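The values are calculated or read from the model by the stated rules, or taken from the named source; none is laboratory data. Just so it is clear, the structure is predicted and the values come from calculations on it, not from any experiment. Ideal geometry is used to build each Cβ from the backbone, glycine not excepted, and the neighbour counts take in all protein chains shown. Remember, those area values only see protein heavy atoms, side chains included, never the ligands or the DNA or RNA. Shrake-Rupley method; radii C 1.70, N 1.55, O 1.52, S 1.80 Å.
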Amino acid sequence: MSRLPAPVVRARAGFVARFGRAPTRIAYAPGRVNLMGDHTDYNDGLVLPCAIGCGTAVAMGPADDGCITALALDHGAASDQFAPAPPPPPLASGHWANHVRGVWAALTGDQRATLSGLALAISGDVPQGAGLSSSAALGVALATGFAALLDRPMTAAQRALAAQRSEHDHVGTNCGIMDQLVSAAASAGTASLIDCRSMAVTPAPIAPNIAIIIAHSGVVRELAASAYNQRRRECAAAAAHFGAASLRDVTPDQLAAAQPALDPQLFARARHVIGENARVTAAVPALASGDLATLGGLMRASHAALRDDFAVSTPQVDALVEAINAMIGAHGGARMTGGGFGGCVAVLCDAARADDIAARIASEYQRPDGQPPLVLRVTPAAGARLYPGE
Ligand code: GLA
């Protein structure tokens, strides 16, 4: 068996230290990097993420005090306690325990959970605010653990939807389904092509000559939520212009024909989404065949559309992407990844040059926050799983 993820080891040790007994199980779910297809998921579109080797673990065991007690080992062992029923209300906006309450509420819903009590210890190593889906990792780990605990068979898609409902109802982020679904359903060694309309997840092979690197811009994603929700509204308004359920149903020809009548900003938003779906479709065979020249063109076009048409990049992220593209040349490329407004850049490059490129990014890029560089080479990881507690 491969080595245990570090958060699993920490969550188990923290559980034992605080509760004085071993947990019965430990649920773990990974963060993600998206290789192609951003701001397409809530438009019923296509995405191409892969799970990464950082994630969140939740150690769980029964308690006899009639309460659910959750311990955040990475927040100074802060704790939250609530009754299993009725579904718990959220705490103040931004409180870490809203994930725990939200996923519990999403799973138990209208039925009264009969439980003598439950103890949880949580630990993770996904960098926060980096656009690598630390919240989806937590939500999916909780959904996976709770489903096992309640003895409720749930598919990866159902666990992803429960984690997404928690984000919408308790956390206050109106996110799409990409992050939760890849965290729940990824296969090790491949990316995942996800059709966000049908929720079908298809493993997308990555040729061995391709390496994936992520580099943090050092801009922590703030104010992202309000701009994200605004983009969602703009996309819905653009789809409504076409009488379409979503931008997934609008063709490039329809878009071109509508340009004179469509508000220029809505036109630009739609052009990004429609083009980005096509870029995901083109990236899948290029990833499988190791065609770095094609991927390089797609990465550059995607970044330009996210920057110019969708307006979700920042000058620092643009500068980092340009510097990496200059290092790589025609064999691969870089783009922002995830929601935008800071966070990480995704890089596809020649595996033989990957260590050199990673070292150059780390030595040449000055983060605006003065923090040390965060440059990681990614081995695509498997989705959520359970480990025994003992
Ligand atoms: C965030 C959201 C996702 C997705 C991306 C942009 O990560 O959580 O649902 O919309 O932004 O692709």
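ALA113 - would you say it is modelled with pLDDT of 90 or more and either open to solvent by less than 70 Å² (accessible area, probe 1.4 Å) or over 23 Å from GLN158 (Cα atoms) (or both)? Lay out the reasoning, then the answer.
Numbers: modelled with pLDDT of 90 or more: no; either open to solvent by less than 70 Å² (accessible area, probe 1.4 Å) or over 23 Å from GLN158 (Cα atoms) (or both): yes.
For ALA113, the condition - modelled with pLDDT of 90 or more and either open to solvent by less than 70 Å² (accessible area, probe 1.4 Å) or over 23 Å from GLN158 (Cα atoms) (or both) - is not met.
What number of residues within region 116-141 are open to solvent by 10 Å² or more (accessible area, probe 1.4 Å), among the hydrophobic types (A, V, I, L, M, F, W, C) and either away from the ligand (no atom under 14 Å from the Cβ) or without any contact (Cβ under 8 Å) to a residue 24 or more places away in the chain (or both)?
Of the residues in region 116-141, 1 are open to solvent by 10 Å² or more (accessible area, probe 1.4 Å), among the hydrophobic types (A, V, I, L, M, F, W, C) and either away from the ligand (no atom under 14 Å from the Cβ) or without any contact (Cβ under 8 Å) to a residue 24 or more places away in the chain (or both).
Inside region 167-178, can you point out the residues that are within 11 Å of the ligand (Cβ to nearest atom), open to solvent by 20 Å² or more (accessible area, probe 1.4 Å) and touching a His at 6+ places or on another chain (Cβ under 8 Å)?
Listed by number, the residues that qualify are VAL171, ASN174.
If you scan region 346-375, which residues turn out to be in contact with a Gly (Cβ under 9 Å, 6 or more places away or on another chain) and surrounded by 19 or more Cβ atoms within 10 Å (Cβ to Cβ)?
Within region 346-375, ALA346, VAL347, LEU348, CYS349, ILE357, TYR365 qualify.
Can you work out which of the residues in region 320-345 that are crowded, with 23+ Cβ neighbours inside 10 Å and among the small types (Gly, Ala, Ser) is nearest to VAL47 (Cα to Cα)?
GLY338
For region 201-217, check the following and say yes or no: at least one residue is in a helix (DSSP H, G or I), in contact with a strand residue (DSSP E or B) (Cβ under 9 Å, 6 or more places away or on another chain) and either within 11 Å of the ligand (Cβ to nearest atom) or closer than 28 Å to ALA319 by Cα (or both). Break it down into steps so the answer makes sense when it comes.
Within region 201-217, the first condition is being in a helix (DSSP H, G or I), and the residues that meet it are none.
Taking every residue of region 201-217 in turn, none turns out to be in a helix (DSSP H, G or I), in contact with a strand residue (DSSP E or B) (Cβ under 9 Å, 6 or more places away or on another chain) and either within 11 Å of the ligand (Cβ to nearest atom) or closer than 28 Å to ALA319 by Cα (or both).
For residues that are within 16 Å of the ligand (Cβ to nearest atom) and either surrounded by 24 or more Cβ atoms within 10 Å (Cβ to Cβ) or without any contact (Cβ under 8 Å) to a residue 12 or more places away in the chain (or both), scanning just region 142-166, find the one that is farthest from PRO23 (Cα to Cα).
GLN164
Could you tell me which residue of region 90-110 is least open to solvent (accessible area, probe 1.4 Å), considering only residues that are under 19 Å from VAL140 (Cα atoms) and free of Cβ contacts under 8 Å to residues at least 24 places away in the same chain? Before the answer, list the steps.
Within region 90-110, the subset under 19 Å from VAL140 (Cα atoms) is 90, 94-109.
With the extra rule that they be free of Cβ contacts under 8 Å to residues at least 24 places away in the same chain, the set shrinks to 94-95, 109.
On the way: GLY94: 74, HIS95: 66, GLY109: 29 Å².
Restricting to residues being under 19 Å from VAL140 (Cα atoms) and free of Cβ contacts under 8 Å to residues at least 24 places away in the same chain, the top hit is GLY109.
Within the group ALA224, ALA184, which residue is at pLDDT below 95 and either under 19 Å from VAL378 (Cα atoms) or surrounded by 15 or more Cβ atoms within 10 Å (Cβ to Cβ) (or both)?
Details: ALA184 fails: at pLDDT below 95.
Testing whether each residue is at pLDDT below 95 and either under 19 Å from VAL378 (Cα atoms) or surrounded by 15 or more Cβ atoms within 10 Å (Cβ to Cβ) (or both) leaves just ALA224.
Residues of region 245-280 being among the small types (Gly, Ala, Ser), over 26 Å from SER198 (Cα atoms) and assigned to a loop (DSSP other than H, G, I, E, B), which ones?
Matches in region 245-280: ALA261 only.
Could you please give the count of residues in region 1-55 that are more than 14 Å from the ligand (Cβ to nearest atom), more than 21 Å from ALA143 (Cα to Cα), of a type in the set (A, V, I, L, M) and assigned to a loop (DSSP other than H, G, I, E, B)?
1
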